[in-house]
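Enquirer: This is the structure, below, for whatever I ask next.
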Amino acid sequence: MKGIVFTEFLELVEDKFGIEYVDDIISKSNLESEGVYTAIGTYKFSEMVQLLSHLSEKTQLSINDLLYTYGLHFFSVLQNSYNGIIEQYKQPIDLLNAIENHIHVEVRKIYPDAELPTFDVSHKDASRITMLYTSSRGMYSFAKGLIESTFKHYGQEATIEITKLNDAGTEVKFEIQQHV
Amino acid sequence: MSNEKVALLQRALERERKARKQAEAILEKKALELYEVNQKLQVSNASLEAVNHKKSSQLDGVFDNLLDAYILMNLKGDVIEMNPSAKKLFGYNLDFEHVNVVHLIYKEDYKYAMQSYWQLINKGFFKDYKARIYTKNKEVKRVHINAGLVYDTKGKAIAAQGIVRNITEEYKEAELKKALLANLEKRNQELKDFAHVISHDLKSPLRSMNTLIYWLKEDYDSVLDDDACEIIDKLSTKIEKMDHLIGGVLEYSSIDKVEQPLEKVDIQELVQDIVSVIYIPENIIVEIPQKLPTITGDRFRLQQLFQNILTNAVLYIDKSRGLVKVTFEELKTHWKFYIEDNGVGIDRKYQKKIFEVFQSLEKSDHSTGIGLSIVKKIIDFYEGEIDFTSTVGAGTCFHFTLKKK
């Protein structure tokens with residue numbers, strides 16, 4: 001998993017809960033990296049799982065809620081680095097529609113070893129899009145947060161209906177209706 | 001600040017420091033990788049440039065040395081580039097003047113030109129456009145053009161290029177040839193008709209002469225002495241020979257007259273038929289050691305061919321035990337036949353003469369001198385060749401080829 005996901009995550013934890021929380025979840029986890037992360041490194045996903053579950057324990061918030069909040073925040077990270085790509089799309093639905101066939105294609109050019117989720121679009125019109133999220137990580141809540149921020153970025157709102165197609169949440173249907 | 005807080009901050013600081021070092025190490029590695037990639041790129045760029053340069057100088061060479069005219073135009077027909085041949089052909093120089101291809105089109109060919117242009121735009125090319133064009137000083141020339149569209153990297157048509165060949169002379173020559181050919185055909189026809197008419201016209205007085213001689217002999221039998229009778233008999237023979245001669249001319253002129261249908265002809269059977277029909281003295285044997293093939297041709301001409309050679313072979317045998325041997329060989333595109341005899345032989349000096357019409361090497365009553373010329377004509381018709389090998393006194397071998405149909 002890309003280091004920026006870790007560094008941004010820990011920064012967010014520090015912002016919301018304080019540096020003690022960061023220290024706590026790192027020392028409770030058994031981390032190969034010893035909690036040392038840089039945005040340009042690559043680390044094991046299992047480290048993220050440990051950090052998340054310890055944070056969840058400590059805050060009594062569900063992992064999915066935490067991921068959702070992180071997703072909401074993470075859009076701004078992407079915007080900082082890749083505003084050029086975002087600006088190519090005039091509507092949030094167009095951007096979502098392009099994740100698989102454009103954005104991820106570009107991501108792979110920069111990070112050939114990136115392990116990306118897939119977003120298969122099964123329906124799309126001006127105000128509605130249906131996508132199937134598939135990822136072994138089951139981070140669909142993170143995706144939901146990102147999607148909501150996307151609409152917000154364009155000054156729009158949407159209702160996002162989520163249907164888990166399995167318990168692990170590795171296949172999840174997103175039905176998104178933009179508010180008119 | 002509590003000790004605990006200090007320790008926590010120290011840990012955080014330590015992580016940050018390590019992260020920084022890690023980042024620096026990663027960046028260092030990346031920088032090195034970039035440097036190496038850059039080095040490689042420079043090398044491949046240099047070789048690409050070399051290839052590019054080579055290609056473009058090759059193209060320039062082709063462009064300048066092309067004997068045909070080369071024209072590059074935009075899709076509106078404005079000429080952008082002309083090679084030296086094009087400048088020479090059309091007489092324009094793009095450095096000083098603007099040329100649009102529409103102005104080059106001969107007015108009567110305009111519709112055809114527009115159709116070709118339509119094909120170019122829609123299909124991307126046209127081929128074998130043959131029409132007239134105007135040069136700068138209003139000369140009219142005939143040209144042959146192949147043209148195609150030029151596309152940019154995205155596949156959008158941006159121009160059209162054409163190779164223009166000046167076929168003015170070629171066209172004139174072809175026209176001349178056509179006229180000559182037509183004339184020749186007419187002449188040939190006249191000649192054939194002439195031969196036919198002459199033959200027929202000559203034959204009827206001969207028949208009358210024959211009848212008259214017969215009457216002469218019959219009516220004046222009592223008054224004619226032996227000498228007179230002998231002269232009259234010689235006269236009859238000469239008339240008969242004349243008749244053969246005329247018949248031969250008729251046959252010769254009719255070989256390529258009628259187009260016979262092609263069929264499978266069993267040469268073995270054909271030769272055996274001939275042997276049974278023509279007169280063969282008892283001291284002569286015709287031998288066919290190997291069964292002759294079945295070939296495609298027209299039966300009448302093949303019969304004439306074999307009959308003439310076989311008759312000749314038999315005729316000129318002077319040995320007490322005569323032998324005529326017929327053999328063949330299958331070549332890639334032709335059949336080759338050999339007809340060998342142990343007759344008088346032919347001197348090499350007659351080689352050219354014997355296939356000419358009316359050439360008989362021996363003054364003989366039954367030789368018209370037409371036979372071998374018929375043979376030659378038939379073989380020409382079958383795109384084959386005939387020749388012979390001979391030893392005077394020992395025999396002759398005629399060999400000829402016939403193209404497989």
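The values are calculated or read from the model by the stated rules, or taken from the named source; none is laboratory data. Fair warning: this is a prediction, and the values are worked out from it, not measured in the lab. Note that we place each Cβ from the backbone using ideal geometry, even for glycine, and neighbour counts take in every protein chain shown.
Enquirer: Look at A:VAL13 and say whether it is over 20 Å from A:ARG137 (Cα atoms), more than 10 Å from chain B (Cβ to nearest Cβ) and free of Cβ contacts under 8 Å to residues at least 60 places away in the same chain. So that I can check it myself, show each step before the final result.
Expert: Details: over 20 Å from A:ARG137 (Cα atoms): yes; more than 10 Å from chain B (Cβ to nearest Cβ): yes; free of Cβ contacts under 8 Å to residues at least 60 places away in the same chain: yes.
Here the answer is yes, as A:VAL13 does meet what is asked.
Enquirer: A further question on this structure: Mind telling me which of the residues B:ALA46, B:ALA12 ends up being hydrophobic (A, V, I, L, M, F, W, C) and within 13 Å of chain A (Cβ to nearest Cβ)?
Expert: Checking each option against the conditions leaves just B:ALA12.
Enquirer: Pairs please, first residue from region B:130-152 and touching a residue at least 40 places away in the same chain (Cβ under 8 Å) and on the phi < 0 side of the Ramachandran plot, second anywhere and among the charged types (D, E, K, R) and surrounded by 15 or more Cβ atoms within 10 Å (Cβ to Cβ), Cβ atoms under 6 Å, 6+ apart in sequence or on different chains.
Expert: Pairs found: B:ILE133/B:LYS141.
Enquirer: Residues that are in contact with a Leu (Cβ under 9 Å, 6 or more places away or on another chain) and within 14 Å of another protein chain (Cβ to nearest Cβ): find the helices (runs of 4 or more DSSP H) completely inside region A:29-137 holding 1 or more of those. Working first, answer last.
Expert: Working: elements: A:45-59, A:63-87, A:92-98, A:104-110.
The helices (runs of 4 or more DSSP H) meeting that bar are A:45-59.
Enquirer: In the set B:ILE267, B:ILE317, which member is among the aliphatic types (A, V, I, L, M) and more than 19 Å from B:ALA394 (Cα to Cα)?
Expert: Numbers: B:ILE317 fails: more than 19 Å from B:ALA394 (Cα to Cα).
Among B:ILE267, B:ILE317, only B:ILE267 is among the aliphatic types (A, V, I, L, M) and more than 19 Å from B:ALA394 (Cα to Cα).
Enquirer: Give B:ASP243, B:ASP219 a once-over and let me know the one that is surrounded by 12 or more Cβ atoms within 10 Å (Cβ to Cβ) and not assigned by TED's automatic domain parsing to the domain that holds B:LEU305. Outline the logic, then answer.
Expert: Working: B:ASP219 fails: surrounded by 12 or more Cβ atoms within 10 Å (Cβ to Cβ).
From the options B:ASP243, B:ASP219, the qualifying one is B:ASP243.
Enquirer: Any idea how many residues of region A:133-172 are of a type in the set (D, E, K, R), within 16 Å of the chain's Cα centre (by Cα) and farther than 17 Å from A:GLY71 by Cα? Break it down stepwise before answering.
Expert: From region A:133-172, those of a type in the set (D, E, K, R) are A:137, A:144, A:148, A:152, A:157, A:161, A:164, A:167, A:171; that's our starting set.
Narrowing further to those that are within 16 Å of the chain's Cα centre (by Cα): A:137, A:144, A:148, A:152, A:171.
Next, only the ones that are farther than 17 Å from A:GLY71 by Cα stay: A:171.
Within region A:133-172, residues that are of a type in the set (D, E, K, R), within 16 Å of the chain's Cα centre (by Cα) and farther than 17 Å from A:GLY71 by Cα number 1.
Enquirer: While we're looking at this one, here's another question. Yes or no: B:TYR252 under 30 Å from B:LYS141 (Cα atoms), surrounded by 15 or more Cβ atoms within 10 Å (Cβ to Cβ) and not small (Gly, Ala, Ser)?
Expert: no
Enquirer: Looking at region B:44-85, which of the residues that are part of a helix (DSSP H, G or I) and in contact with a Leu (Cβ under 9 Å, 6 or more places away or on another chain) is farthest from B:TRP118 (Cα to Cα)?
Expert: First pass over region B:44-85, keeping only residues part of a helix (DSSP H, G or I): B:44-65, B:84-85.
From what's left, in contact with a Leu (Cβ under 9 Å, 6 or more places away or on another chain): B:84-85.
On the way: B:PRO84: 28, B:SER85: 26 Å.
Selected residue: B:PRO84.
Enquirer: Let me ask something else about it. If you go through region A:16-27, how many residues are touching an Asp or Glu at 6+ places or on another chain (Cβ under 6 Å) and more than 9 Å from chain B (Cβ to nearest Cβ)? Explain how you work it out, then say what you get.
Expert: Of all residues in region A:16-27, those touching an Asp or Glu at 6+ places or on another chain (Cβ under 6 Å) come to A:22.
With more than 9 Å from chain B (Cβ to nearest Cβ) added as a condition, the list becomes none.
Here the count works out to 0.
Enquirer: Say whether the condition of being under 30 Å from the mean Cα position of the chain (by Cα) and within 18 Å of B:ILE386 (Cβ to Cβ) is met by at least one residue in region B:272-289. Write out each step before concluding.
Expert: Start the filter on region B:272-289 by keeping residues that are under 30 Å from the mean Cα position of the chain (by Cα), which leaves none.
Within region B:272-289 (the criterion being under 30 Å from the mean Cα position of the chain (by Cα) and within 18 Å of B:ILE386 (Cβ to Cβ)), the answer is no, since none of the residues qualifies.
Enquirer: When region B:123-165 is examined, which residues are found to be within 17 Å of B:ASN74 (Cα to Cα) and among the polar types (S, T, N, Q)?
Expert: Scanning region B:123-165 gives B:ASN146, B:THR153, B:GLN161.
Enquirer: Sort out which residues of region B:144-172 are β-branched (Val, Ile, Thr) and outside any loop (DSSP other than H, G, I, E, B), and write them in order of number.
Expert: At the first step, the residues of region B:144-172 found to be β-branched (Val, Ile, Thr) are B:145, B:150, B:153, B:158, B:163-164, B:167-168.
B:ILE145, B:VAL150, B:ILE158, B:ILE163, B:VAL164, B:THR168, listed by residue number.
Enquirer: Go over the candidates B:LEU59, B:LEU9, B:LEU67, B:LEU72 one by one and state the one that is under 30 Å from B:GLU97 (Cα atoms) and in contact with a helix residue (DSSP H, G or I) (Cβ under 8 Å, 6 or more places away or on another chain).
Expert: Details: B:LEU59 fails: in contact with a helix residue (DSSP H, G or I) (Cβ under 8 Å, 6 or more places away or on another chain); B:LEU9 fails: under 30 Å from B:GLU97 (Cα atoms); B:LEU72 fails: in contact with a helix residue (DSSP H, G or I) (Cβ under 8 Å, 6 or more places away or on another chain).
Within the list B:LEU59, B:LEU9, B:LEU67, B:LEU72, the selection yields B:LEU67.
Enquirer: Return yes when B:SER199 is surrounded by 14 or more Cβ atoms within 10 Å (Cβ to Cβ), of a type in the set (Ser, Thr, Tyr) and in contact with a His (Cβ under 7 Å, 6 or more places away or on another chain) and no when it is not. Show your work before the answer.
Expert: Values: surrounded by 14 or more Cβ atoms within 10 Å (Cβ to Cβ): yes; of a type in the set (Ser, Thr, Tyr): yes; in contact with a His (Cβ under 7 Å, 6 or more places away or on another chain): no.
Here the answer is no, as B:SER199 does not meet what is asked.
To keep it simple, each residue is scored yes or no on (1) under 30 Å from B:LEU191 (Cα atoms); (2) part of a helix (DSSP H, G or I); (3) in the same structural domain as B:LYS403 (by TED's automatic domain parsing).
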position	(1), (2), (3)
B:ASP273	no, yes, yes
B:PRO281	no, no, yes
B:GLN290	no, no, yes
B:ILE295	no, no, yes
B:GLN303	yes, yes, yes
B:ALA313	no, yes, yes
B:LYS319	no, no, yes
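Enquirer: A further question follows. Checking the structure you have, find out if any residue of region B:70-78 is exposed (fewer than 12 other Cβ atoms within 10 Å of the Cβ), under 26 Å from B:HIS144 (Cα atoms) and in contact with a Ser or Thr (Cβ under 7 Å, 6 or more places away or on another chain).
Expert: no
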